[in-house]
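A.B. asks: Let me give you the structure first, and then I'll get to my questions.
The values are calculated or read from the model by the stated rules, or taken from the named source; none is laboratory data. On a predicted model such as this, the values are computed, not experimentally measured, just so you know. Glycine also receives a Cβ, built like all others from the backbone with ideal geometry; neighbour counts cover every protein chain displayed. Please note that ligands, DNA and RNA were not included when accessible areas were found on the heavy atoms of the full protein model with its side chains. Shrake-Rupley method; radii C 1.70, N 1.55, O 1.52, S 1.80 Å.
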Amino acid sequence: MRKYSWNSFKDLFFRNPAAVDQDPHVDDGDENTERGNWASKKEYILSTIGYAVGLGNIWRFPYLAYKNGGGAFLIPYFVMLVVAGIPLFFLESAFGQFCSQGPINIWRSVPILQGVGVAMVMVTIIVSIYYNVIIAYSLYYMFASFQSPLPWSSCLSWADSNCSNTPIDLFWFSFLVYCNVSGVLVANLTQENSTCPSSNMITVPVQSPSEQYWDHVALQRSSGLDETGPVVWHLALCLLLSSMIVAAALIRGIKSSGKVVYFTATFPYVVILILLIRGVTLEGARDGIEFYIGSQSNLTKLTEAQVWKDAATQTFYSLSIGWGGVMTLASYNNFHNNVFKDAFVVTLTNAGTSVLAGFAIFSILGHMAHIYKMPVGEVVKEGFGLAFIAYPDALSKLPISPLWSILFFFMLLTVGLDSQFAGIEVITTCLLDSFPKIFKSKRALLTITTSSILYLLGLPCVTRAGIYWVTLIDQFAASWVLLCLVLLEIIGVCYIYGGNRFIKDIEMMIGKKSFTFWLWWRACWFFICPCVIVVILIWSLMTFTPPSYGGVPFPVWGLVLGWCIAVFMLLWVPVIAVYKFIRAEGSPWKRLKSLCSPAEEWHPYLDIHRGERYSQDRCRLRMSLRTKPEVNVNIISSSWL
């Protein structure tokens, strides 16, 4: 094992770039001795799986399956995975691996769309801010789980008069709400009276201890976005710890993060299997599983367009398409790596994880429904409600509840860290690729600085109004903006750069393939994927509803700010396109044609991989044909000689 002295540690941070010949995160055995490569194929696969498998697999997919027909939802989900998810993941992976560049420099292939890469980085920066906060939530709950009994297992001093430890009270309240809303008759409620109680019986909403603990203790939630309040210091400290963990894991780039993912990418599966085995042995687990994917599956849901929209949206978001991370991680592969096979391994593993997590989640929620004597549908919640209210409540009812709670939140922590690793790597890679002379020898300092800035930007999200900020950013930054960027990405690669040219680039990496092999991918890239994205994008904008949290609507200024965030991210596309158009030379048509053609710097990173198609002479010839047509004859003649 390599040992580091104080001098080597000091040099890692403060060495003089003029005296350094090689980036400290590059090993002598790397194929690319300037940028570095993954130490092994396993590290790339685990890092990419860890990036794709995120918190959405744990709390979003199970809810969507329940909401959209249970097991029937798997049909549109896997259809969308095949026609859109796998093709787009393959496209982004091949795109990044071919040129060994991050999501900004990669658009040397289509210079007019370089703003798409900048927008992807902006999305990653903004999402990384609140994603780090969610990791902080997981850390706090993990630390809080080292108590017996669990602090949210009963109404303690922090609870108000609306808190109830009695399951029947929660059931009775749900029953009253149902009656009050529907106004229906309930047969055999009592022998004397078979009608629902009158609405005036509902006085205050009864809340479970876990719900009040989340609001009053963990978040110390204020009444709305207008009431910011002070920083919640236990969350701020957890956020600091999260930032330190991420910075430590990425201190040497992929060389250090590639080792960390051996644990962080595999441990969640161990916990999921443990929770699944424990869950199926509990009373009521069968009801939960049947509710999730069993006999209660509703095949008639397949006729509803909303189900297909949810399936496509979940596919895009769970694979992290359009964020820039897939390209970044693939850019550190060896040039001849079989990226085609990798795309299948990662996407199918991601889908399988979502399905497996659903079984583990719903088996325990079925047990919770049995305890509360209420339908499973009354227990199921989405997002934060599932991860930090419903599931902790269920775990608190199990024997040795602290153990299961620690395992669950440690799983959320590792799942979140993997995705955060790739997010930070996108930012640092783009800076290193754009300014190699400045940052090449200061990668550790760059990583620490990036993590520190993201920590400071995340402090508003750990105030008493923090959960509203997290929800607002999630709704506007990680939604339809990504669909716009993915659509522009497909247009740029397939219609401007050229789908056939892109296929030839891929064949330079993985070998020649038959026409029939590419027929399916051409159909997906040229037609199916753009159509799916356009339909989802239009539908999302038409059915847009202002976000809220906990029934609290956002103020008008908050919604305006949310739209400003979305516009800010997309604005980079036209601004950079106009800037490049103004800086270009020649007539307007020649400028446009030049910006829609690959730049001279677009080619495989290493000379040995460029072949005849991207040789230096051919690149100079291509640039001359585009910018100086009057000397075409002389250049062509000399190139033939």
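A.B. asks: Residues of the stretch 549-571 being open to solvent by less than 70 Å² (accessible area, probe 1.4 Å) and among the β-branched types (Val, Ile, Thr), which ones?
C.D. replies: Val552, Ile565
A.B. asks: Scan the stretch 267-290 for residues that are open to solvent by less than 30 Å² (accessible area, probe 1.4 Å) and outside any helix (DSSP H, G or I) and jot them down.
C.D. replies: Answer for the stretch 267-290, where residues must be open to solvent by less than 30 Å² (accessible area, probe 1.4 Å) and outside any helix (DSSP H, G or I): Leu282, Gly284.
A.B. asks: Another question, then. Taking interchain pairs and intrachain pairs at least six residues apart, which have beta carbon atoms under 8 angstrom, with the first residue in the stretch 479-492 and open to solvent by less than 10 Å² (accessible area, probe 1.4 Å) and the second charged (D, E, K, R)?
C.D. replies: Glu489/Glu92
A.B. asks: Against the condition among the small types (Gly, Ala, Ser), touching a Lys or Arg at 6+ places or on another chain (Cβ under 8 Å) and more than 30 Å from Val578 (Cβ to Cβ), how does Gly69 come out, does it pass?
C.D. replies: So Gly69 fits the description; yes.
A.B. asks: Then there's this: Within the stretch 94-129, count every residue that is assigned to a helix (DSSP H, G or I), under 22 Å from Ala478 (Cβ atoms) and either free of Cβ contacts under 8 Å to residues at least 12 places away in the same chain or of a type outside the set (S, T, N, Q) (or both).
C.D. replies: So the count comes out to 18.
A.B. asks: Among Gly358, Gly322, Gly383, which is surrounded by fewer than 23 Cβ atoms within 10 Å (Cβ to Cβ) and not aliphatic (A, V, I, L, M)?
C.D. replies: After ruling out the rest, the residue left standing is Gly383.
A.B. asks: Looking for whichever is surrounded by fewer than 17 Cβ atoms within 10 Å (Cβ to Cβ) and more than 23 Å from the chain's Cα centre (by Cα) here; the options are Pro546, Pro574. Which one fits?
C.D. replies: Pro574
A.B. asks: Residue under question is Ala343, and the condition is that it be under 19 Å from the mean Cα position of the chain (by Cα) and not in a loop (DSSP other than H, G, I, E, B); does it hold?
C.D. replies: Against the criterion (under 19 Å from the mean Cα position of the chain (by Cα) and not in a loop (DSSP other than H, G, I, E, B)), Ala343 qualifies.
A.B. asks: Shifting gears a bit: Of all residues in the stretch 506-543 being farther than 19 Å from Ile86 by Cβ and open to solvent by less than 40 Å² (accessible area, probe 1.4 Å), which is modelled with the highest pLDDT?
C.D. replies: Of everything passing the filter in the stretch 506-543, Gly511 is modelled with the highest pLDDT.
A.B. asks: Would you confirm whether or not the stretch 62-69 contains a residue that is open to solvent by 10 Å² or more (accessible area, probe 1.4 Å) and under 19 Å from the mean Cα position of the chain (by Cα)?
C.D. replies: yes
A.B. asks: With respect to Val339, is the statement that it is under 12 Å from Tyr44 (Cα atoms), open to solvent by 40 Å² or more (accessible area, probe 1.4 Å) and not hydroxyl-bearing (Ser, Thr, Tyr) true?
C.D. replies: No; evaluated as a whole, the condition is false for this residue.
A.B. asks: Moving on to the next point. Here is a list: Pro392, Pro460, Pro399. Which entry is on the phi < 0 side of the Ramachandran plot and not in a helix (DSSP H, G or I)?
C.D. replies: Pro399
A.B. asks: Also, quick follow-up: Select, from Leu472, Leu456, the only residue that is out of contact with any helix residue (DSSP H, G or I) (no Cβ under 9 Å at 6 or more places or on another chain), modelled with pLDDT of 90 or more and over 26 Å from Glu92 (Cβ atoms).
C.D. replies: It is Leu456.
A.B. asks: Out of Gly366, Gly377, report the one residue that is surrounded by fewer than 22 Cβ atoms within 10 Å (Cβ to Cβ) and in a helix (DSSP H, G or I).
C.D. replies: Answer to the check: Gly377.
A.B. asks: Just give me the residues in the stretch 534-550 being without any contact (Cβ under 8 Å) to a residue 60 or more places away in the chain and part of a helix (DSSP H, G or I), in sequence order.
C.D. replies: Val534, Leu537, Ile538, Met542
A.B. asks: Now for a different question. Which count do you get for residues in the stretch 463-474 that are in a helix (DSSP H, G or I) and open to solvent by 10 Å² or more (accessible area, probe 1.4 Å)?
C.D. replies: 4
A.B. asks: Quick check: is even one residue across the stretch 509-524 in a loop (DSSP other than H, G, I, E, B) and among the aromatic types (Phe, Trp, Tyr)?
C.D. replies: No, every residue in the stretch 509-524 fails to be in a loop (DSSP other than H, G, I, E, B) and among the aromatic types (Phe, Trp, Tyr).
A.B. asks: Quick one: how many residues across the stretch 485-536 are closer than 27 Å to Glu600 by Cβ and either within 23 Å of the chain's Cα centre (by Cα) or among the hydroxyl-bearing types (Ser, Thr, Tyr) (or both)?
C.D. replies: Here the count works out to 10.
Listed here are the residues, each with its yes/no results for (1) in contact with a Ser or Thr (Cβ under 7 Å, 6 or more places away or on another chain); (2) open to solvent by 10 Å² or more (accessible area, probe 1.4 Å); (3) modelled with pLDDT of 85 or more.
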{"site": "Ala52", "(1), (2), (3)": "yes, no, yes"}
{"site": "Cys99", "(1), (2), (3)": "no, no, yes"}
{"site": "Val110", "(1), (2), (3)": "no, no, yes"}
{"site": "Leu113", "(1), (2), (3)": "no, yes, yes"}
{"site": "Gly117", "(1), (2), (3)": "no, no, yes"}
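A.B. asks: State yes or no: is Thr447 buried (at least 18 other Cβ atoms within 10 Å of the Cβ), hydroxyl-bearing (Ser, Thr, Tyr) and out of contact with any helix residue (DSSP H, G or I) (no Cβ under 7 Å at 6 or more places or on another chain)?
C.D. replies: So Thr447 fails the test.
To keep it simple, each residue is scored yes or no on (1) open to solvent by 40 Å² or more (accessible area, probe 1.4 Å); (2) modelled with pLDDT of 85 or more; (3) within 21 Å of the chain's Cα centre (by Cα); (4) basic (Lys, Arg).
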site: Asn7; (1), (2), (3), (4): yes, no, no, no
site: Phe14; (1), (2), (3), (4): yes, no, no, no
site: Gly29; (1), (2), (3), (4): yes, no, no, no
site: Asn32; (1), (2), (3), (4): no, no, no, no
site: Thr48; (1), (2), (3), (4): no, yes, yes, no
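A.B. asks: Here is a check on your reading of the model: is Asn165 more than 30 Å from Ser331 (Cβ to Cβ), modelled with pLDDT of 50 or more and more than 34 Å from the chain's Cα centre (by Cα)?
C.D. replies: Answer is yes for this residue.
A.B. asks: Glu585 fails exactly one of the following numbered conditions: (1) part of a loop (DSSP other than H, G, I, E, B); (2) surrounded by 13 or more Cβ atoms within 10 Å (Cβ to Cβ). What is the number of that condition?
C.D. replies: For Glu585, the failing item is (2).
A.B. asks: Being assigned to a loop (DSSP other than H, G, I, E, B), open to solvent by 10 Å² or more (accessible area, probe 1.4 Å) and either closer than 23 Å to Pro553 by Cβ or among the hydrophobic types (A, V, I, L, M, F, W, C) (or both) is the filter here, so list the residues in the stretch 225-246 that pass it.
C.D. replies: Those that are assigned to a loop (DSSP other than H, G, I, E, B), open to solvent by 10 Å² or more (accessible area, probe 1.4 Å) and either closer than 23 Å to Pro553 by Cβ or among the hydrophobic types (A, V, I, L, M, F, W, C) (or both): Asp226, Glu227, Thr228, Gly229.
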